[in-house]
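Input: a single structure, listed below in structure tokens.
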Amino acid sequence: MPMQTAPRAPAVAAGRREHVTTGGLLGFVDRHADLLFPAPAVLLIFVLLIFPLVYTFVLSFHYWFLSATSTPRFIGLDNYARLLADERFHHALWHTFYFTALAVSLETLAGLGLALIFNRNFPGRGLLRTALVFPMMSTPMAVVLVWALMYEPTLGIFNYFVKSLGFKPILFLADKGIVIPAVVLVDMWFATPFVMLVLLAGLSSLPIEPYEAAVVDGASRLQLLRYLTLPLLRPTIVVAVLFRTISALQTFDHIYALTGGGPDKASETVNLIGWFQIIENNDMGYASTILVALFLVVGVASLTLLSFRR
């Protein structure tokens, strides 16, 4: 007589229920993977970026001093009307544009020249390229203090050479006419290696065939640069200019450390007056309005450069 086994229906049923439950959860994840997987990153971006922007924009319509015990009071467009009539803001906006245009132009030209040099093979290329990247890895404030010492009228190395040539010392950081170019020189030291690396990557990706055909047709090096390299490299140049423009418009640290906006507010930028409104006047509402204006300037500049790229 065959042996009879005990029924296992309850266990099988439990296993089936577990399979159905798990399958349902996995099925939900599979159907909504395009929403669930990016959700943590989107949430992080919202918390770290979107929320501060929205909060700053909302605060720009309020009157609020940090030293006051009252809560922010809605005043509509009064802060924006004040901004349009503020001569200090107008001068700071001009200084911001002047600094950005001069810095980005010189950094792009210098970076393009270095990229063209390092796109060729020559002894010691790797060592020199590594040395030029060192400014990107240095501590900004420490380097800015070194530059401040080099600009010093009596002990600085720049004025040492100026005096050795028989000229009077130059007040690099105390002369209204040259203070922004002096700060631009510091910015070039930091940012030119970045432009060089971006353009060098673009040069390495250019096709070889047009150059070979142009050389066969008798094109000179200058013609190759003008009619082939620069047109083919234009999208990469625009990307480098875009990144540097955004960064230059937002520059704060080395301008503040070198000049503090002086002399007589001659190097004061939009970022600096926003900082001073918070630190000196505790005026969060008006400072938020200034930062919103700066955000609009950066946005317009970015969209304009992107249109050139397209």
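What is the number of the single condition among (1) within 31 Å of the chain's Cα centre (by Cα); (2) surrounded by fewer than 16 Cβ atoms within 10 Å (Cβ to Cβ); (3) in a helix (DSSP H, G or I); (4) not acidic (D, E) that V143 does not meet? Tallying (1) within 31 Å of the chain's Cα centre (by Cα); (2) surrounded by fewer than 16 Cβ atoms within 10 Å (Cβ to Cβ); (3) in a helix (DSSP H, G or I); (4) not acidic (D, E), V143 fails exactly one: (2). Looking across segment 151-176, the residues that are free of Cβ contacts under 8 Å to residues at least 60 places away in the same chain and within 33 Å of the chain's Cα centre (by Cα) come down to E152, P153, G156, I157, F158, N159, I170, L171, F172. Answer yes or no as to whether A266 is in a loop (DSSP other than H, G, I, E, B), under 29 Å from F172 (Cα atoms) and more than 14 Å from the chain's Cα centre (by Cα). When the stated conditions are applied, A266 passes them.
Of the listed requirements (1) surrounded by 14 or more Cβ atoms within 10 Å (Cβ to Cβ); (2) closer than 28 Å to V133 by Cα; (3) of a type in the set (F, W, Y), Y211 misses just one: (2).
Suppose the filter is under 24 Å from the mean Cα position of the chain (by Cα) and among the basic types (K, R); does R226 pass it? Taking the combined requirement at face value, the residue does not satisfy it.
In the list L43, L36, L53, L59, which residue meets the criterion of being surrounded by 10 or more Cβ atoms within 10 Å (Cβ to Cβ), out of contact with any strand residue (DSSP E or B) (no Cβ under 8 Å at 6 or more places or on another chain) and at pLDDT below 85? Result: L36 is the single residue among L43, L36, L53, L59 that is surrounded by 10 or more Cβ atoms within 10 Å (Cβ to Cβ), out of contact with any strand residue (DSSP E or B) (no Cβ under 8 Å at 6 or more places or on another chain) and at pLDDT below 85. Tell me, yes or no, whether segment 107-118 has at least one residue that is within 20 Å of the chain's Cα centre (by Cα), surrounded by 14 or more Cβ atoms within 10 Å (Cβ to Cβ), assigned to a helix (DSSP H, G or I) and of a type in the set (D, E, K, R). Among the residues of segment 107-118, at least one is within 20 Å of the chain's Cα centre (by Cα), surrounded by 14 or more Cβ atoms within 10 Å (Cβ to Cβ), assigned to a helix (DSSP H, G or I) and of a type in the set (D, E, K, R), which makes the answer yes. Does segment 281-301 include one or more residues that are modelled with pLDDT under 90, in a loop (DSSP other than H, G, I, E, B) and of a type outside the set (A, V, I, L, M)? Within segment 281-301, one or more residues are modelled with pLDDT under 90, in a loop (DSSP other than H, G, I, E, B) and of a type outside the set (A, V, I, L, M).
Among the residues making up segment 214-232, those that are β-branched (V, I, T) and surrounded by 10 or more Cβ atoms within 10 Å (Cβ to Cβ) are V215, T229. Among the residues of segment 249-259, is there at least one that is in contact with a helix residue (DSSP H, G or I) (Cβ under 9 Å, 6 or more places away or on another chain), surrounded by fewer than 16 Cβ atoms within 10 Å (Cβ to Cβ) and at pLDDT 90 or above? Yes, segment 249-259 contains at least one residue that is in contact with a helix residue (DSSP H, G or I) (Cβ under 9 Å, 6 or more places away or on another chain), surrounded by fewer than 16 Cβ atoms within 10 Å (Cβ to Cβ) and at pLDDT 90 or above. Filtering segment 162-207 to residues that are of a type outside the set (G, A, S), assigned to a loop (DSSP other than H, G, I, E, B) and under 30 Å from L228 (Cα atoms) leaves L206, P207. Scanning segment 194-230 for residues that are among the aromatic types (F, W, Y), over 28 Å from A103 (Cβ atoms) and at pLDDT 90 or above yields a single hit, Y227. In the set (1) over 27 Å from Y63 (Cβ atoms); (2) out of contact with any Phe, Trp or Tyr (no Cβ under 6 Å at 6 or more places or on another chain), the condition left unmet by L291 is number (1). Find the residue count for segment 73-86, including only residues that are farther than 13 Å from F57 by Cβ and either in contact (Cβ under 8 Å) with a residue 60 or more places away in the chain or under 28 Å from the mean Cα position of the chain (by Cα) (or both). Final tally of qualifying residues: 5. The requirement of being closer than 18 Å to V298 by Cα and in a helix (DSSP H, G or I) is not satisfied by V215. The conditions of being loosely packed, with under 14 Cβ neighbours inside 10 Å, more than 18 Å from W189 (Cα to Cα) and modelled with pLDDT under 90 are met by L155.
Screening P235 against (1) part of a helix (DSSP H, G or I); (2) crowded, with 20+ Cβ neighbours inside 10 Å leaves a single unmet condition, (2).
The values are calculated or read from the model by the stated rules, or taken from the named source; none is laboratory data. Remember, it's a predicted structure, so these values are computed and weren't measured experimentally. Cβ coordinates were reconstructed from backbone atoms using ideal geometry, including for glycine residues, and neighbour counts include every protein chain displayed.
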